[in-house]
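Asker: Got a structure here, written out as C-alpha cells. Questions coming.
The values are calculated or read from the model by the stated rules, or taken from the named source; none is laboratory data. No experiment lies behind these values; they were computed from the predicted model shown. Please note: Cβ atoms are built from the backbone with ideal geometry, for glycine as well, and neighbour counts cover all protein chains shown.
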C-alpha cells in the first residue's frame, strides 16, 4: 500500500541484529532505534513542546481513545488536527484506541464488527470499529497510525487466541480500506504477539511454527503496510517468551520497513530489543514513574522522595546535560518531588532526557560497531554483579551472539 | 553587601517611582519600583521550571518563604555551602526571605518572647530569633524580613498589641545587629492607630533596608486594610522601600501604589492560575470607546465557550503561552487535568502581571497615573459604589 515514509538503514551491528536508521516521516526525520514518549491527551505530562524539542524528541505518542473523548473528533478536526492543537511540529503516532478500551474499560466486548464498550460519560453502549478508529486517527492526523486489532490478554489461552489473530487480519483490511490519508499518514499493521501460554511447555521450534500458523505472518506482509508493530507483549507475560516472539518477528518481517515494539520502555528491554532488531518503542513508564518521584539513571532508579536525598547536593545523574541536572541538586528536587508540579516537571525532563540519551548511545555504539561492548557495559552498570543479570536478557542476547556472562 | 533605594520621582500625592539597588561582591542587582516579588512555594515559583521562569524577563525579585521548608530544623538546605541563590537557582534575582507565607498567613498567636510559630508541611514548628538569624547567615539572601509577632485575635487587648510591637522590635534588633544583613522591618500594631504609629516610628529609627506592611486579615476589604495601614505609612521615611502583603488584584495594586507602596507579593497570581483563570486586564486602554463598555479582567479557561477558541489567551501578548497556544488548548488541558494547563496559565499570568507593573511605572513617569487609573476603574470595576470608593482614594 501507499507509504508516507522512508527508512534508510545507515549502520548495522556486525554481531547482533541491531541497526541504525533514519526514518523520514511527514514531520521530519527520526533517528532509529527510537524511544517515543507518551503524551496521552495531547500533552506530555507538564512539559512544553519547546522543552521536548530541546530534549531532542523527534516523535511522540498521543492516544486516540483519550483525544476521541476530549476534545472529541469534531473539535480536533475543527482545530486543525493534533499537531496544530498542541503546537507540536514534529512527528506524532497514535494508537488505534482499542488497547485502552480493553485495558481501561471493564465492560468492553469484542465482536466481529468492533470493540463494544460503555461510554464513561453516560453508560450507553458504543462501538469502536476499524472504520471508526481510522476516521478518528485521520482527524487527529498523526504521522503514524495503528490498525485496530483484536487484543487478547497475554494470559488468554486456546482458540480465542487464534480467533483474535484471524480477526486482526480482517480488521487490517477494513482499516486499509477506510484510511483516507495514506499520502500523509502511515498505517502500521500489528502483529499480535498474544501468547498462547500452552506454548511454554513445547520446544521453541514448535512454538515458532504455531505462532507462524496463528499469526499468518505472510498475510500481514502481503498487505505491505508502511511499517509493522509487535503488539500485545506488554501485559506482564514471561520475559523469556517475550524476547523469543520479538526475535521471531524481526526475523520474519520485511527488512526495509520499521519495526515497532509497542509498550516497551525499561532500559534493559530497549537494549535487548534493539539487539534483536527493533526500531521503535513507546512506554508511559519514564514519565509515570517521574510523577511518583523516581528518577532514572544508568545505575537504576532513585526515589527522590526518600529522606536520604535531603542533604544530597549532587545532581540526579552526574554528566547528564538536561536542564534538571545542570540546574538542581537531588536535595532541591527532594523538597519538591510529588509535592510541587515543578518537582514532577523536573524529574520528567530528566527521565525523558535519560531515555533519549540511552537511545542515542545505542545508535552511536551501533554506528561505531561497538554495540556488544556497549551492551556489556550497560548491564554491568545497571545491575552491578553478573549474578544479578536477568536470565531472559542473558538468553536473548546469547541468541544474537552476545555472551553477557562470559 | 549594601542596598540603596533611590526615589526617582514623587508626586504631590503619594506616588513614588523608585529604584532598589543591591550591591554584593561587586555585582549589582536593580529593581525598579513599583514592582512585584515573585511568590514561591517550597522555593520554586509554582509550576515554572527555570527555563519557563526566565521567559518572563521582567521578574527581578523572588520572595522565598522559609516556613515551607523548615519542618526539620535546621533545614537540610543549610548544609548546602553556596547559599540560597544557588541552591534554588535564583542567582539572577534579588532574593527576599520571609519566615511566613504571604499568600497563606494562618495567623497563630502562640508566639512567645523566644519564638514564633509557623506552619510547615508537617505541622506547626517554632522558630527562634537566634536560629532564624543563623539560617539567614548561611542562606545569604539579598534581603530578609525580621520575625514578627502576629496577632490572631480579631479584637486583641491593648496589652497584647503593645507586646506584639515590642517583641517585633526586639527581634528586629537581633536581626540588624548582624553585620551586612539587609533587613526589612515589619510594622505591627494591629488596628490600634497609636501602636501602629509607635511601631512605624521605632522601626524607622533602626537601620532597616525597608518596611513590610501586612494588610492581610486586618480589614475585610482592601480599602479597609489600606486605611488601617495608613497611620504606619504616614510615619515612614520616604527614602526606604515599602512592601505590602495582601494586596493582589489589579485594583488593589493601583490602590497600594497610590498610597505609596513600592513592592507587592504575587500570591494572587498563583490563586488565579490554580483556578484556571487568565489575566486580560490592561492599564493601557487605547481605544476610548472601550472605556464605555465594561470589560473582563480575567477569563476562566474552564468556560466551555473556549473549547474551540483558536485565539491566544490575550491577543497581542508576547508571553510564551500566547505566542504558542490557543484558548481551546488550555481549556482542553484544564478539562483533562493536565499539568501543562497551570504551566501555560502561570507563564501568561506572571508575564502579564510584570507588564502591568511596568505600565504603572511608565504612567507615573509620564504623569498619567491618575488618568489611567480613572479609565481603568471606568472600564473594569463592578458596581458604582466600589468604583466610587476606589477612585475617590486615588483621585484625592
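Asker: Looking at A:50, A:70, which one is more than 29 Å from residue A:152 (Cβ to Cβ), over 21 Å from the mean Cα position of the chain (by Cα) and without any contact (Cβ under 8 Å) to a residue 40 or more places away in the chain?
Answerer: Numbers: A:70 fails: more than 29 Å from residue A:152 (Cβ to Cβ).
The conditions single out A:50.
Asker: Could you tell me whether segment B:113-121 includes any residue that is assigned by TED's automatic domain parsing to the domain that holds residue B:249, over 20 Å from residue B:164 (Cα atoms) and surrounded by fewer than 22 Cβ atoms within 10 Å (Cβ to Cβ)? Talk me through it step by step, then tell me what you get.
Answerer: Going residue by residue through segment B:113-121, those that are assigned by TED's automatic domain parsing to the domain that holds residue B:249 are B:113-121.
From what is left, the residues that are over 20 Å from residue B:164 (Cα atoms) are B:120-121.
Restricting the remaining residues to those that are surrounded by fewer than 22 Cβ atoms within 10 Å (Cβ to Cβ) gives B:120-121.
Yes: segment B:113-121 contains one or more residues that are assigned by TED's automatic domain parsing to the domain that holds residue B:249, over 20 Å from residue B:164 (Cα atoms) and surrounded by fewer than 22 Cβ atoms within 10 Å (Cβ to Cβ).
Asker: Any residue that is out of contact with any helix residue (DSSP H, G or I) (no Cβ under 6 Å at 6 or more places or on another chain) and free of Cβ contacts under 8 Å to residues at least 24 places away in the same chain - is there at least one of those in segment A:350-358?
Answerer: no
Asker: Which one is surrounded by the fewest Cβ atoms within 10 Å (Cβ to Cβ) among residues in segment A:321-342 that are within 25 Å of the chain's Cα centre (by Cα) and within 10 Å of another protein chain (Cβ to nearest Cβ)?
Answerer: Within segment A:321-342, the subset within 25 Å of the chain's Cα centre (by Cα) is A:321-324.
Now drop any that are not within 10 Å of another protein chain (Cβ to nearest Cβ), which leaves A:323-324.
On the way: A:323: 19, A:324: 24.
This residue is A:323.
Asker: Using the structure shown, decide if residue A:395 is within 29 Å of residue B:49 (Cα to Cα) and away from every other protein chain (no Cβ under 14 Å).
Answerer: no
Asker: Out of all the residues in segment B:152-177, which are more than 21 Å from residue B:130 (Cα to Cα) and in a loop (DSSP other than H, G, I, E, B)? Quick ask: steps written out before the conclusion?
Answerer: Of the residues in segment B:152-177, the ones more than 21 Å from residue B:130 (Cα to Cα) are B:152-162.
Residues satisfying the conditions are B:152, B:153, B:154, B:155, B:156, B:157.
Asker: Same structure, new question: Hey, could you check segment B:311-327 for residues that are surrounded by fewer than 22 Cβ atoms within 10 Å (Cβ to Cβ), without any contact (Cβ under 8 Å) to a residue 60 or more places away in the chain and part of a helix (DSSP H, G or I) and say which is farthest from the other protein chains (Cβ to nearest Cβ)?
Answerer: B:323
Asker: Sticking with this one: So, restricting to helices (runs of 4 or more DSSP H) that lie completely within segment A:35-96, which ones have at least 2 residues that are under 21 Å from residue A:261 (Cα atoms) and touching a helix residue (DSSP H, G or I) at 6+ places or on another chain (Cβ under 9 Å)?
Answerer: Numbers: elements: A:49-54, A:64-67, A:73-78, A:81-86.
Result: A:64-67.
Asker: Among the residues that make up segment B:293-302, is at least one of them surrounded by fewer than 24 Cβ atoms within 10 Å (Cβ to Cβ), within 14 Å of another protein chain (Cβ to nearest Cβ) and in a loop (DSSP other than H, G, I, E, B)? Break it down stepwise before answering.
Answerer: So the first thing to find is which residues in segment B:293-302 are surrounded by fewer than 24 Cβ atoms within 10 Å (Cβ to Cβ), and the list is B:293-300, B:302.
From the residues that got through so far, the ones that are within 14 Å of another protein chain (Cβ to nearest Cβ) too are B:302.
Narrowing the set further to residues that are in a loop (DSSP other than H, G, I, E, B) leaves B:302.
Yes, the conditions are met somewhere in segment B:293-302.
Asker: Only residues that are on the phi > 0 side of the Ramachandran plot and either in a loop (DSSP other than H, G, I, E, B) or at pLDDT below 95 (or both): list them for segment A:20-34, please. Can you show your working first?
Answerer: In the first step, residues of segment A:20-34 are kept if they are on the phi > 0 side of the Ramachandran plot; the result is A:28.
Listed by number, the list is empty, since nothing qualifies.
Asker: Only one residue in B:116, B:145 is farther than 21 Å from residue A:332 by Cα and at pLDDT 95 or above, so which one is that?
Answerer: On the way: B:116 fails: at pLDDT 95 or above.
Result of the check over B:116, B:145: B:145.
Asker: Would you say residue A:61 is at pLDDT 95 or above and either within 13 Å of chain B (Cβ to nearest Cβ) or more than 26 Å from residue A:345 (Cα to Cα) (or both)?
Answerer: On the way: at pLDDT 95 or above: yes; either within 13 Å of chain B (Cβ to nearest Cβ) or more than 26 Å from residue A:345 (Cα to Cα) (or both): no.
So residue A:61 does not fit the description; no.
Asker: Moving on to the next point. Whether any residue in segment A:292-309 is surrounded by fewer than 21 Cβ atoms within 10 Å (Cβ to Cβ) and in a helix (DSSP H, G or I) is what I want to check.
Answerer: Yes.
Asker: Looking at segment B:136-160 only, could you name the residues that are under 14 Å from residue B:95 (Cα atoms) and touching a helix residue (DSSP H, G or I) at 6+ places or on another chain (Cβ under 7 Å)?
Answerer: To start, the set of residues in segment B:136-160 that are under 14 Å from residue B:95 (Cα atoms) comprises B:136-145.
Matches in segment B:136-160: B:138, B:139, B:140, B:141, B:144.
Asker: Okay, moving on. Only residues that are facing another protein chain (nearest Cβ under 7 Å), within 22 Å of residue A:97 (Cβ to Cβ) and either touching a residue at least 40 places away in the same chain (Cβ under 8 Å) or crowded, with 24+ Cβ neighbours inside 10 Å (or both): list them for segment A:28-47, please.
Answerer: Of everything in segment A:28-47, those that are facing another protein chain (nearest Cβ under 7 Å), within 22 Å of residue A:97 (Cβ to Cβ) and either touching a residue at least 40 places away in the same chain (Cβ under 8 Å) or crowded, with 24+ Cβ neighbours inside 10 Å (or both) turn out to be A:42, A:43, A:45.
To keep it simple, each residue is scored yes or no on (1) under 19 Å from residue B:8 (Cα atoms); (2) modelled with pLDDT of 95 or more; (3) crowded, with 17+ Cβ neighbours inside 10 Å; (4) out of contact with any helix residue (DSSP H, G or I) (no Cβ under 7 Å at 6 or more places or on another chain).
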| position | (1), (2), (3), (4) |
| --- | --- |
| B:358 | yes, yes, no, yes |
| B:361 | yes, yes, yes, yes |
| B:364 | yes, yes, yes, yes |
| B:371 | no, no, no, yes |
| B:375 | no, no, yes, no |
| B:379 | no, no, yes, no |
| B:384 | no, no, no, yes |
| B:388 | no, no, no, yes |
| B:392 | no, no, no, yes |
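Asker: Further, regarding this structure: Working only within segment B:332-350, note down all residues that are in a helix (DSSP H, G or I), more than 25 Å from the chain's Cα centre (by Cα) and more than 7 Å from chain A (Cβ to nearest Cβ).
Answerer: B:334, the sole residue that qualifies.
Asker: If you check residue A:281 against the conditions, is it in contact with a helix residue (DSSP H, G or I) (Cβ under 7 Å, 6 or more places away or on another chain), under 26 Å from residue A:398 (Cα atoms) and either free of Cβ contacts under 8 Å to residues at least 12 places away in the same chain or part of a strand (DSSP E or B) (or both)? Outline the logic, then answer.
Answerer: Numbers: in contact with a helix residue (DSSP H, G or I) (Cβ under 7 Å, 6 or more places away or on another chain): yes; under 26 Å from residue A:398 (Cα atoms): yes; either free of Cβ contacts under 8 Å to residues at least 12 places away in the same chain or part of a strand (DSSP E or B) (or both): yes.
Yes: the conditions hold for residue A:281.
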